[in-house]
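First the structure, in the form of structure tokens, and then the observations on it.
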Amino acid sequence: MIGRPGWVWIGGLLLASAAVAGEGALRPVTIVGREIPEPLTTAPGDPERGRTLVVDRTRGLCLLCHAGPFPEERFPGNLGPDLSGVGDRLSPGALRLRLVDGRALNPDTIMPSYYRLQETVRIGAAWRDRPVLEAQAIEDIVAFLITLRDTPSERPVP
Amino acid sequence: MLAALATGSAGAGEIPPAEIPPSEIPPAERRSSFDGMSPDIQAMQRDADANPGLLWLQDGADLWSTAPAPDRPACAGCHGEAATAMRGVAARYPTWDEATAAPIDLQGRINACRRRHQGAEPYAYESRELLGLTAYVAAQSAGLPITTPADARLGSARSAGRALFTRRMGQLGLSCAACHDGNHGRRLGAALIPQGHPTGYPLYRLEWQGLGSVQRRLRNCMTGMRAEPFAYGAPEFVALERYLMDRAAPLPMETPAVRP
């Protein structure tokens, strides 16, 4: 492990703690079936900002658990499925629910619920009363994930 | 809080208890993090000339035989040779402290001895002195299997520790069990998730550039969960340590271990 990025998870989260201001109460969301069909914001999601968030190990945290079509990103985790082609597998509404509160889909999942105030205990002082990501960030990430298509250009031909 | 989520037909309003079900690791499948380390770090731990923890051990050996004041006994004054008197001790801690009628871990015991028998101030957590003495005492158990004392008075610490281990905590809603029971062997980013056995503490961590206690490690894991870590010496940590040792038995002690 020498010379590799260490447990970016730990140090990074501390650094990020002061960066974002809380947005207070959450916007209401409506789950229909296994989706949240309506966007959380009126401004459409920006896929470029979404990508930046997804690969940021201190904000999106996604690469701690998921690999994906991010050739420049070394050492992704493997706690969750590879995100390559996820835009073919899931609709925007399904991606939105997975991000907002994946526990509505699988109560035992270890993927954090990104847009839900946690009823867990001992939330660190810097993280209380705010979701992991803001509503606009969720929309940006959905807009990005939907672009991940299982096309030959994104998957190296074996 | 949940009211903020107007729920639809999925019935997600009834969120079940915030617990990730544990899947305990059977004794025969328990593995030290040592097994998953690169050969160079394994060699650093094994090789007496390369293991940086030995610097702290030397401090501990000196403190063991130094009287805190002219009219006060050294540790050795009461216990004699550490190699015989302390053999196997760390492998069965935390244990029960009669004086306070509460569970006590090895660092707590060393500080209690200072107060009760040496008339001295307790050492600060993570001080060179406390780490050195704890490592010196624990190293006398190196190679011995962790044992689980059959003391009924430890029962409530055991179950409290287990409850802490399986409960979701912090903003990310993770639990210790989510990683160390359910996902050991996988990678969290670059880091290989170990089974999380406290076999080698105090140990030298390359990332810390120094020796650290098991409580320092647990505080790191809790910070990563975006949870408020317990204070050093908190009863919750002693309970967690008791559960972690039960969960690790019969792996051999490795103090002073080396970790990335």
Problem set entry | Using alpha-carbon coordinates, inclination of helix B:106-118 to the longest axis of chain B, degrees | 40
Seminar exercise, completed: Rounded to whole angstroms and listed largest first, the alpha-carbon spread of the stretch A:39-145 along its three principal axes comes to 36, 34, 25
For this session: Would you order B:His117, B:His197, B:His184 from fewest to most other beta-carbon atoms within 10 Å of each residue's own beta-carbon?
Result: B:His117, B:His184, B:His197
For this session: Within 10 Å of each residue's Cβ, count the other Cβ atoms and sort B:Ile104, B:Ile25 from fewest upward.
Result: B:Ile25, B:Ile104
Exercise. How long is the gain from B:Arg186 to B:Ala48 if the chain were fully straight, where each residue apart is worth 0.36 nm and the alpha carbon distance is subtracted?
Worked result: 46.6 nm
For this session: Quick one: net charge around A:Gly50, please, counting Lys, Arg +1 and Asp, Glu -1 for every other residue with C-beta under 10 Å from its C-beta.
Result: -2
Seminar exercise, completed: Kirkwood calc, the protein assembly as shown, C-alpha pairs only, radius in angstrom 23.3
Exercise. If one puts a single equal scatterer on every Cα of the stretch B:29-260 and applies the Debye formula without solvent, what log₁₀ I(q)/I(0) results at q = 0.08, 0.14 Å⁻¹?
Worked result: -0.28, -0.89
Problem set entry | Cα-centre dipole for the stretch A:38-78 with unit charges at Cβ (Lys and Arg positive, Asp and Glu negative), debye to 20 | 160
Exercise. Which of the peptides B:248-254, B:230-236 is most tightly packed, and how do the rest follow, going by the mean number of other Cβ atoms within 10 Å of each residue?
Worked result: B:248-254, B:230-236
Exercise. Per residue and in Å³, how big is the convex hull formed by the alpha-carbon atoms of the stretch B:160-245?
Worked result: 95
Exercise. Under the rule of -39500 (n - 2.57) per DSSP H run of 4 or more residues, summed and divided by the residues of chain B, what mean residue ellipticity at 222 nm is obtained, to the nearest 500 deg cm²/dmol?
Worked result: -10500 deg cm²/dmol
Problem set entry | For B:Arg226, B:Arg128, order by how many other beta-carbon atoms lie within 10 Å, fewest first | B:Arg128, B:Arg226
Problem set entry | Two-site label geometry, B:Ala231 and B:His79: point separation in nm, points 7 Å out along Cα→Cβ | 2.6
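Read-outs: derived from the displayed coordinates by stated rules, not from any lab. Predicted, not measured: the structure shown is a model, and the values here were computed from it. Note that we place each Cβ from the backbone using ideal geometry, even for glycine, and neighbour counts take in every protein chain shown.
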